[in-house]
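If you scroll down you'll find the structure; I have some questions about it.
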Amino acid sequence: MDGRVPMFYMIGLLQRERDRDPKESRHSMVRFAEPLLDMFGVPHARLEGPDDVHLIPEYYRLSRERRGPTAVLVGLETI
């Protein structure tokens, strides 16, 4: 992060439960993904359906503009 390298991550929230907010998941990686990104100051968004696909190019561009990491969390089907 200190190296100012633009990185764009697409992170799969494997085993995400449809009926729960990720922060209430019984699976630790789903539950901790957003708080960890927040702790490190990484801008992120949830990709949870077809209406969210526009977030991919937006966060890719943001990583270039800020010269640092950004992430899109893929939790639910997008098609």
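The values are calculated or read from the model by the stated rules, or taken from the named source; none is laboratory data. Keep in mind it's a predicted model, so treat the numbers as computed, not measured. Please note: Cβ atoms are built from the backbone with ideal geometry, for glycine as well, and neighbour counts cover all protein chains shown. In case anyone asks, the SASA skips ligands and DNA or RNA and just uses the protein heavy atoms, side chains included. Shrake-Rupley method; radii C 1.70, N 1.55, O 1.52, S 1.80 Å.
Give me the extension gain from PHE32 to VAL53: residue separation times 0.36 nm, minus the current Cα-Cα distance, reported in nm with one decimal. It would help to have the intermediate numbers written out before the result.
Details: separation 21, 0.36 × 21 = 7.56 nm, distance 2.27 nm.
Gain on extension, PHE32 to VAL53, equals 5.3 nm.
So how strong a dipole does the chain carry about its Cα centre when Lys and Arg Cβ are +1 and Asp and Glu Cβ are -1, to the nearest 20 debye?
On the way: 12 positive and 13 negative charges, 63 e Å.
With only Lys, Arg, Asp and Glu charged at Cβ, the dipole is about 300 debye.
Picking from GLN15, GLY49, PRO35, whose Cα lies most toward the positive end of the charge dipole for the chain (charges on Cβ: Lys, Arg +1; Asp, Glu -1)?
PRO35
Could I ask something else about it? Considering only protein heavy atoms, with the full assembly of protein chains and a 1.4 angstrom probe, order VAL53, VAL30 by accessible area, largest first.
VAL53, VAL30
Would you check the accessible area of PHE40, probe 1.4 Å, heavy atoms only, in square angstrom rounded to 10?
Rounded to the nearest 10, the figure is 120 Å².
Return the carbon/sulfur percentage of the accessible area of the stretch 3-65, one whole number, probe 1.4 Å, all protein chains in place. Spell out each step's value before the answer.
Details: 2440 of 4320 Å².
The C+S portion of the solvent-accessible surface of the stretch 3-65 is 57 percent.
P(r) of the chain in 5 Å steps, Cα pairs, percent per bin?
In whole percents, the pair-distance histogram is 3, 16, 25, 23, 18, 10, 4, 0.
Also, quick follow-up: Below 15 angstrom from the Cβ of ARG26, what's the summed charge of the other residues (Lys, Arg +1; Asp, Glu -1)? Could the numbers behind the result be given before it?
Values: positive: ARG16, ARG18, ARG20, LYS23, ARG31; negative: GLU17, ASP19, ASP21, GLU24.
The answer is +1.
Sticking with this one: Give the distance, in whole Å, between the Cα centre of the stretch 43-60 and the Cα centre of the stretch 1-24.
For the stretch 43-60 versus the stretch 1-24, the Cα centre distance is 11 Å.
Would you mind calculating the gained length between PHE40 and ASP19 on full extension (0.36 nm times residue separation, minus the Cα-Cα distance), in nm to one decimal?
Numbers: separation 21, 0.36 × 21 = 7.56 nm, distance 2.76 nm.
Fully extending the segment from PHE40 to ASP19 adds 4.8 nm.
Net charge within 15 Å of LEU36 by Cβ-Cβ distance, Lys/Arg positive one each and Asp/Glu negative one each, not counting LEU36 itself? Please report the intermediate quantities before stating the final value.
Numbers: positive: LYS23, ARG31, ARG46; negative: GLU34, ASP38.
Once all neighbours under 15 Å are counted, the net charge is +1.
While we're looking at this one, here's another question. Per residue, how large is the accessible surface of the chain? Use a 1.4 angstrom probe and give square angstrom.
67
Let me ask you something else. What does the net charge come to around GLY68 if you take all other residues with beta carbon closer than 11 Å to its beta carbon, with K and R at +1 and D and E at -1?
So the surrounding residues net to +2.
If you line up the long axis of helix 28-39 against the longest principal axis of the chain, both from Cα atoms, how many degrees apart are they, to the nearest 10?
Taking Cα atoms only, the helix is inclined about 30 degrees.
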